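Data first, discussion second: the structure below is written as structure tokens.
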Amino acid sequence: MNYKIGASILNADFLRLGEQIAEVVPHVDEIHLDVMDGVFVDNISFGVPVVSGIRAAHPDAVIDTHLMISRPHQYAKDFVAMGSNIVTFHLEATDHAYVLLTQLREAGVSAGLVVNPATDVRLIEPVREYLDRLLIMTVEPGFGGQSFIPAMLRKIETARAMLGDGVDIEVDGGINDRTIADVKSAGANVFVVGSFIFGADDKAAQVRRLRDRLD
Ligand code: DX5
Ligand code: ZN
């Protein structure tokens, strides 16, 4: 299994964003960008210009764009054009997941669906062959710094049994050096980490702590 750590910049210091991203890029596998519209979730974060700025500064970074927006089909192409490698959107935000998943793949990016904590993960089964990644929210989406919801372990197990090893299972919310081993054991292989990395002075050391738990 290929284990990957994604750094979520949501809890970075936005006045020093460039610096802080440059600090983590050499140590993580992906940069995770949480796009929020204040409608799908109760928070507004950032949009397309931030993604293009990060792409310009880090041509080789893997950019994982997590769309927490209503009408993802209307905006996804802009995030592809600005250099996202992976785009994920919420099943709860669209009735046409199949259409957007196939459009993303045709545009040459990895396509992923996201499910909120209370959403039954088996709902994605009918479109499983059209996704490269399933993101299981392990907190309610909207804010960094929340506590991991333990009941999500069972959901990760269900998802891994359903999808086999060919699809990335990503977890997002409350992942730190105490929770990462459990989500790995349940079957996750992509770990999004926000406040545990950006809340510390030595960000590289935090990533090392996480990798130690994965060994
Ligand atoms: C929550 C976001 C997460 C969040 C993770 O809606 O999708 O990516 O920033 O932050 P932590 O690791 O602090 O839970
Ligand atoms: Zn996220």
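So, LEU91, is that one of a type outside the set (Gly, Ala, Ser), more than 14 Å from ligand 2 (Cβ to nearest atom), closer than 21 Å to VAL139 by Cα and touching a strand residue (DSSP E or B) at 6+ places or on another chain (Cβ under 8 Å) or not? Judged against the criteria, LEU91 is a match.
The condition of being over 29 Å from ALA81 (Cβ atoms), charged (D, E, K, R) and over 12 Å from the mean Cα position of the chain (by Cα) holds for only one of ASP132, ASP120, that being ASP120.
Residue pairs whose Cβ atoms lie under 6 Å apart, separated by 6 or more positions or on different chains, with the first residue in the stretch 148-173 and under 19 Å from GLY6 (Cα atoms) and the second within 16 Å of ligand 2 (Cβ to nearest atom) and part of a helix (DSSP H, G or I), are VAL171/VAL183.
The numbered conditions (1) away from ligand 2 (no atom under 15 Å from the Cβ); (2) in contact with a Lys or Arg (Cβ under 7 Å, 6 or more places away or on another chain); (3) polar (S, T, N, Q) are all true for GLN74 except (2). Checking the condition within 16 Å of ligand 2 (Cβ to nearest atom) and modelled with pLDDT of 95 or more, which residue from VAL207, VAL115, VAL167 passes? Only one candidate passes the filter, namely VAL115. Contact map, the stretch 40-63: first residue small (Gly, Ala, Ser), second residue part of a loop (DSSP other than H, G, I, E, B), Cβ cut-off under 6 Å, separation 6 or more or different chains; pairs are SER52/MET82; ALA61/VAL25.
Among the residues of the stretch 107-150, the one identified as of a type in the set (Phe, Trp, Tyr) and more than 10 Å from ligand 1 (Cβ to nearest atom) is TYR130. A single member of GLY108, GLY142 is farther than 14 Å from ILE169 by Cα, of a type outside the set (Val, Ile, Thr) and buried (at least 17 other Cβ atoms within 10 Å of the Cβ), and it is GLY142. Being at negative phi and of a type in the set (Lys, Arg) is the requirement here; does ARG71 meet it? No, not satisfied.
Does VAL193 count as touching a strand residue (DSSP E or B) at 6+ places or on another chain (Cβ under 7 Å) and surrounded by 22 or more Cβ atoms within 10 Å (Cβ to Cβ)? When the stated conditions are applied, VAL193 passes them.
The values are calculated or read from the model by the stated rules, or taken from the named source; none is laboratory data. Everything numeric in this text was worked out from a predicted model, so none of it was measured. Cβ atoms come from the backbone with ideal geometry, glycine included; neighbour counts cover every protein chain shown.
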